[in-house]
Amino acid sequence: MSKRKKRIGLVVLVLVAAMLVYMYAPMGPVAIEVSPETTVIAGPLNPDGTVNYVAAMDADYAADVTAENNAAPDLLQAMGPDTLPPKVRDAVLAGLGLSAEEVGEGLYQPWEPAQPAEVEWTGPGPKPPFPIYSGNPVGDEPTFIDRDGDPRPLRLADLSDLTWMLRQGQVHPDLEAWLEANEAALDRVSQTVAHKPRLYLPLVSPSIPPMLLEVDLSQLAPFREIGRALLVRAHWRARQGNWGAAWADVLAVHRLSRLIGQGPTLMHQLVAFATEAMAADAGVYLATHGPFDVQAARRHLAQLQALPSLGRLAYAIDRGERFGALDSIAWLSRGHSLGTTGTAPVNAGYAYDWNVVLRRTNEWYDLLAKPFTAPNRKSRDVAMAEVDARLDAFSKRMASTGYRVRFTALGLSGRLGRESLSRWMGDFLMAILMPSTTQSLKQRDRAEAARSVEMAALALAAYRAEAGQWPASLAELSPDLLPTVPVDAFTGKPLIYHRHDEGYLVYSVGINGTDDGGVEDSDAGQDDIAARVPPAPPRLATEEGS
């Protein structure tokens, strides 16, 4: 071999070695750049230079809140300090300017039915193979009939069961005493939501730096429980013939749902939608069972129409969920793993360019946000179809063998594959952190449809009280009783209405989008949201032949 060829070979060898060193030498971490394309917002910043999304969202949540308009202190005094998670209780109270002494023990007493007393078997005959309870000579534990027509022990009845029992003419033996013990608490909640237009509870994360995924929102469950308690009292008051007070409790729950919906996260929105749907269901019950005069029905309609819009779902997706994902990426960039505040390192963590991951994540959220900011239902449906198509293709691609092979190859490509690998990481994280946008919209539509049915039922009651008959169509309710004909949120069309000799049926087609004739039967996949006069008898499993 000539010297010239040897020199060329040596040069090639050196170049290959240099390329390999460049490609596979250890790569240090890439600092996160604060910019609109990566972090979206510029601050406030944590000590390490990353964005403090907890502080940013908390500041937005607290905007325009004052000691005078914030319902949180009064609600906490009514519901008690245990409403707040123990780990963050002191920090939340401090953020509200409250002390534990000012909150006190709380007025509300959670529902805890008395447990039946067991007694000794005295015969005749051998001792039965089950406990014997006082006051039950047959030896069976006291029961009630649940929604499926099955007997259940009274000691297991929850708040929704109490409402169901009252609708069927049953009264739990502990109910009256429990309502009496909670009169002050429920009155305090009702008065607070009527006069305080804001609800702000500071967002607190126990992790350092603060992390949105670590913010404990378990306090939302007690707020929903107090709403259920108000609806139990509404049904009790209706049973006593106090329909005006019953409506006041239903209206209080409608107001409570709007206060909850002021929160910045998707969890706030979902709890608000569920609370609103509960209130609307109770409103329908009162509208189809109670005696009405025109003035009362019109007053209730005006109160419902005056309520502010429900929730801020667009914000919760575009900012709350987006910020949660970006915050999680910043956490990973520090060498941590998701789901913990520990220090477990991410595999090949330094191989990723986290700015590429952030930009990829923002591309996904730009797509996800489109349906929630659409100007009308048609454009919303078009945007949602685009999201669903992209997500379906994304899921198939992530599950394919070729995609896994490509990822393995990218992992072996070193520095040259860093950007592509980082984009893959962005997609992978979205598969983990992506909110259920379709289900979120469906839950909001369900709450809005339930309220439309409630409004229609109230307007129909007012029309009947004034005209002495039911209208031939819902169009006759507008504009005298309602500004427009009630619309089904699932179709964008007027609610379905049928008048018959004895009354009417008005309903939404529900989440499944299918006209099930006004029937709600989860076992059969039917989920119409309906109001009817005369009210349908309770559907029991035995009536279906099961």
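Structure notes:
- Extents of the range 484-540, largest first, come to 33, 30, 12 Å (Cα atoms, principal axes, whole angstrom).
- Convex hull volume of the range 417-459 per residue (C-alpha atoms, cubic angstrom): 48 Å³
- Cα-Cα over 25 Å, subset of Lys87/Lys196; Lys396/Lys493; Lys442/Lys493: Lys87/Lys196; Lys396/Lys493
- The range 281-322: radius of gyration over Cα atoms, expressed as a fraction of 2.2 N^0.38 Å: 1.80
- Size descriptor, Kirkwood hydrodynamic radius, that averages inverse alpha-carbon separations across the range 163-310, Å: 16.4 Å
- The alpha-carbon atoms of the range 242-281, seen along their principal axes, cover 37, 16, 7 angstrom, with the largest extent given first.
- Computed with a 1.4 Å probe over protein heavy atoms only, the accessible area of Asp528 comes to about 0 Å².
- Shape parameters for the range 175-253, alpha-carbon atoms, Rg then Dmax in Å: 16.4, 56
- What the phi angles of the range 35-51 give under the Karplus curve with 6.51, -1.76 and 1.60, with θ = phi - 60°, is a coupling list of 7, x, 7, 10, 8, 6, 10, 9, x, x, 10, 6, x, 8, x, 7, 6 Hz, glycine and proline written as x.
- Residues of the range 141-182: accessible area per residue with a 1.4 Å probe, Å²: 46 Å²
- Take the range 449-515 with all the other protein chains still there, run a 1.4 Å probe, and you get 43 Å² of accessible area per residue.
The values are calculated or read from the model by the stated rules, or taken from the named source; none is laboratory data. Model, not experiment: these values are computed from the prediction. Calculation scope for accessible area: heavy atoms of the full protein, side chains included, ligands and nucleic acids excluded. Shrake-Rupley method; radii C 1.70, N 1.55, O 1.52, S 1.80 Å.
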